[in-house]
Amino acid sequence: MIFATTLMLMGAMTLMLARLLRGPELYDRVLAVNSFGTKTVLFLCVFSFLIGRPDGVDIALLYALMNFIGTIAILKFFRYRALDVALSRMPSRNTRKKAGAKS
Amino acid sequence: MNADFITPLDAFTIIDLILMLMLLIVGLAIVRLNDIFAIVMLAGVYSLVSALWFVSLDAVDVAFTEAAVGAGISTVLMLGAMLLSSRTALPAKPVRKWASFFIVLATGAALMYAVTDMPSFGDPLSAPNAYVGLEYLKRSLPDTEIPNVVSSVLASYRGYDTLGETSVILTAGLGVMLILGMGGKINGQLKKKAIDYDNADAQAHHTVLRVVSKMMIPLIVLYGFYVQFHGDFGPGGGFQAGVIIASAVILYALIFGVDAAKAAVPPLVVRIGAALGVLIYGGTGIAGLILGSNYLDYNVLDPHSAPHGQELGIMSIEIGVLITVCSVMLVIFYGFTSRQPDITDKDW
Amino acid sequence: MNGMQFLAGHFNYIVVIILMMTGLYIVISTGNMVKKLTGLGVFQTSVFQLYITMGKVTGGRPPIVAHAPEGAEHAAANGGEHGASTADTAVRMVHDMADVPVNGVIYSNPIPHVLILTGIVVGVATLAVGLALIVRIRETYDSIEEEDVEEAEYKARKAANA
Amino acid sequence: MSTVLEILHIARFGLAGVFLLGGGFFVLAGAIGVLRLPDFYTRLHAAGVTDTMGSTLILLGLMLIAGFTLLSVKLALVGLFLFLTSPTATHAVANAAHKAKLKPLLGTYRQTRKGDNEGGSQ
């Protein structure tokens, strides 16, 4: 039962790998990597039950957090082509001026 | 070599085989692709799959480190470097391809020849497994009262090694600082914003990201400390915790801007921390010397009980490792982000 | 030892060597430095894998020695399926494990784990230095392709000589 | 008394098995969807199946097996983190794609398939 779930998750991971290799859009790849990460987290949980040791869950916990950071970094990079931009809600001084000029 | 030992074909071996197959696919894909962005992502997936394999090979501490480093820090650093360089690789020339193929073939053949001398997979009586490893397993708990043998070997039995590794990390941080600057002035002038991000509506849409990250960042730091202090009983320790806490700050920088991160964790603090960690590590050794024993001998730290002294010493040097690793990762991150991207739109 | 048996016992090394050669091939064949570093990462990870597979013991557990001594025989009979990891049992068993070989439970070898654990963090530190060098190369030569850099260097040297 | 406990025991593991296999099914279905669906936005939708039903069911199944232990708490934490991060990440991907003017495929699949380039970015 657990082993069957493990195999299912591995199959899903392989399919994600196929999507990652095929692309075609960059966002498809990002989606594939993120989804691969989610499946990996689940795989680690299930696998640690399969082998009867709970240590895998710690790593799953860690990976659930790290996957998020990686995805955000990639997207940030592609949205702004820089890691050094604040995603603040306040418009920058530039845009405020522009908006003022329009109104 | 123990000729009687036969590797069983059970569920774990099947999972191992599938993981190896995935590794091979990813490796070959990296060879074939020229889009550096895809390569960076594949490298992340590669390290992730090998982390899975490490879990299946009982190396939970290693898997922990690999997952923390490969998924978080490495990807961010690679992207930071990509940002300052170009995006696609030129395909290699056929001559070069074939030449390297033959070199690789020859090296591979030589290594394959060496495989015949290796112990069987999973053999408990093989030379690497039977002697010194078993000895550590037997002695660790009476000597140090720490169940996680990896932690005790890392911090106590092989303390010199780890001191060396920590110094290497500090040196790498210094190297990046020397190469990329300390995040201040470049060529005598402060960094100016090269790109105009004047789409206020795009920024307004990131409410979800900001709120969720605000919730996640404390949890990540908390988890980092759990990993640090639970490292004696489960997988974890200073190296992993340092990487995790550094990635929390990196996430903060990604969402709220590097300037905000620098206000929260100033570069000066980070630079001092990088050295301070090694100082704590070395100082623990000196404390042993002062109390009348050898360098990095923790037995004397507690005059009443040697194992407790060991525990104390291990705790202390793990904190040193945590501070150094965390600080160096941040030094590197600040170094990369302080560079001004001079890439033009037509490069993309 | 016949061929099939040999393959069953050594498939992991063969895969690791193929991966290692993949990394080496990337490092040698490509001129792009970021890709080169990725290849170096693949190579490095395969070295880690080589060490870790050597330390694996079939039926073993991760080297975290925390078992109740009264469960030791039971655990040995079950091949190490039994486990409760709390701090107080760990302290209790310190007094009881004078002669039991690692408490009757099979553990994998901790030494490769220790070596590789530090190796990974040092690996990311050196990766950072490499990437920093690439950034500087890009700033100086405006390219991260090996051939372009060599060409620019050659031109600069020729101009200096003339 | 003991028979009641036994029945409960069997029911617990049976339910866990159903949850695990159901979760596995949803994960696999989502993965096939991500591989097979025609454009980015539809794939995004398929990936959501893994994040919601798949992960919830699998983690619930594992928690049933683990019972009331620290392990269950950790699994719940994994579930919480996935619950927070994966929709956020998916949102960020979709938002980035939308801002980069990646157009969704419109019309029936057969129509759009001819002019595949129309669905491309920019």
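A short reminder: the numbers here are calculations on the coordinates, not readings from a lab. Just so it is clear, the model here is predicted, and its values are computed rather than measured. FYI the Cβ positions are ideal-geometry reconstructions off the backbone, even for glycines, and counts take in every protein chain you see.
Residue by residue through B:155-162, how many Cβ atoms from other chains fall within 10 Å of the Cβ on average? Show your work: numbers first, answer last.
Values: counts 1, 0, 3, 4, 0, 0, 3, 3.
Mean shielding count: 2.
Between the alpha-carbon centers of the range B:228-279 and the range D:56-107, tell me the distance in whole angstrom.
Answer, in whole Å: 26.
Please list B:285-295, B:318-328 highest first by mean number of surrounding beta-carbon atoms within 10 Å per residue.
Averaged packing, sorted descending, gives the order B:318-328, B:285-295.
So which of B:LYS214/D:LYS99; A:LYS39/C:LYS56; A:LYS76/C:LYS56; B:LYS97/D:LYS103; A:LYS76/C:LYS155 end up more than 29 Å apart, counting from Cα to Cα?
Cα-Cα > 29 Å for A:LYS76/C:LYS56; B:LYS97/D:LYS103; A:LYS76/C:LYS155; rest within.
Which of the listed residues, B:GLY313, B:ILE323, B:LEU254, is farthest toward the dipole's positive end in the range B:231-348, when Lys, Arg count +1 and Asp, Glu count -1 at the beta-carbon?
My answer, from the dipole projection, is B:LEU254.
According to the square roots a ≥ b ≥ c of the eigenvalues of the Cα gyration tensor, what is the shape class of the range B:8-91, taking rounded for a/c under 1.5, prolate for a/b larger than b/c otherwise, and oblate for the remainder?
It is oblate, given that a/c is not under 1.5 and a/b is not larger than b/c.
Which value in nm describes the separation of the simple spin-label points at D:LEU5 and B:LEU125, placed 7 Å from the Cα toward the beta carbon?
It works out to 4.3 nm between the two label points.
Quick one: which of D:20-33, C:147-160 comes out on top by average Cβ neighbours within 10 Å, and what's the full order, highest first?
Ranked from most to least packed, the peptides come out as D:20-33, C:147-160.
If a/c stays under 1.5 just call it rounded; otherwise compare a/b with b/c (prolate if a/b is bigger, oblate if not). Do that for chain B, with a ≥ b ≥ c from the square roots of the Cα gyration tensor eigenvalues.
oblate
What FRET efficiency do you get for B:THR207 and D:LYS99 if R0 is 22 Å and r is their Cβ-Cβ distance, rounded to the nearest 0.05? Write out the running numbers ahead of the final one.
Details: r = 15 Å, r/R0 = 0.67.
With R0 = 22 Å, the Cβ-Cβ based efficiency is 0.90.
Among B:HIS304, D:HIS9, what is the fewest-to-most ranking by other Cβ atoms within 10 Å?
Numbers: B:HIS304 6, D:HIS9 10.
Ranked by crowding around the Cβ, least crowded first: B:HIS304, D:HIS9.
Where does the charge balance sit around B:ALA29 when Lys and Arg score +1, Asp and Glu -1, over other residues with C-beta under 13 Å from its C-beta?
With Lys, Arg at +1 and Asp, Glu at -1, the neighbours total +4.
For a protection proxy built on the mean count of beta-carbon atoms within 10 angstrom, sort D:75-85, A:14-24, B:57-67 highest first, please.
B:57-67, D:75-85, A:14-24
Sticking with the crude label model, points 7 Å out along Cα→Cβ, report the distance from B:SER293 to B:ILE103 in nm, one decimal please.
Calculated label separation equals 5.0 nm.
Determine, for A:MET66, C:MET54, the number of other Cβ atoms within 10 Å of each Cβ, and report the residues in order from fewest to most.
Exposure proxy ranking, most exposed first: C:MET54, A:MET66.
Using the charge dipole of the range D:2-119 (Lys, Arg: +1 at Cβ; Asp, Glu: -1 at Cβ; taken about the Cα centre), state which of D:LEU5, D:GLY30, D:ALA66 has its Cα farthest towards the positive end.
So the residue furthest toward the plus end is D:GLY30.
Under the definition of Cα pairs under 8 Å and six or more residues apart, what whole-number percent is the relative contact order of chain D? Let's see the in-between values first.
Numbers: 113 pairs, mean separation 29.1, N = 122.
Once normalised by length, the contact order is 24 percent.
Which whole-number percentage describes the relative contact order of chain B, with Cα contacts under 8 Å and a sequence gap of 6 or more?
Computed over chain B, the figure is 22 percent.
Taking the Cα centre of the range B:85-147 as the origin and placing charges on Cβ (Lys, Arg +1; Asp, Glu -1), which of B:ALA114, B:VAL132, B:TRP98 is farthest toward the positive end of the dipole?
B:TRP98
Which shape class, rounded, prolate or oblate, goes with chain D when its Cα gyration tensor gives a ≥ b ≥ c as root eigenvalues, a/c under 1.5 marks rounded, and past that a/b bigger than b/c marks prolate?
Cα axes put chain D in the oblate bin.
Can you name the helices of chain B, as whole DSSP H runs, whose Cα span along the helix axis is 20 Å or more and whose Kyte-Doolittle mean is not below 1.0?
B:11-32, B:36-56, B:94-115, B:159-180, B:207-229, B:238-256, B:267-290, B:306-338
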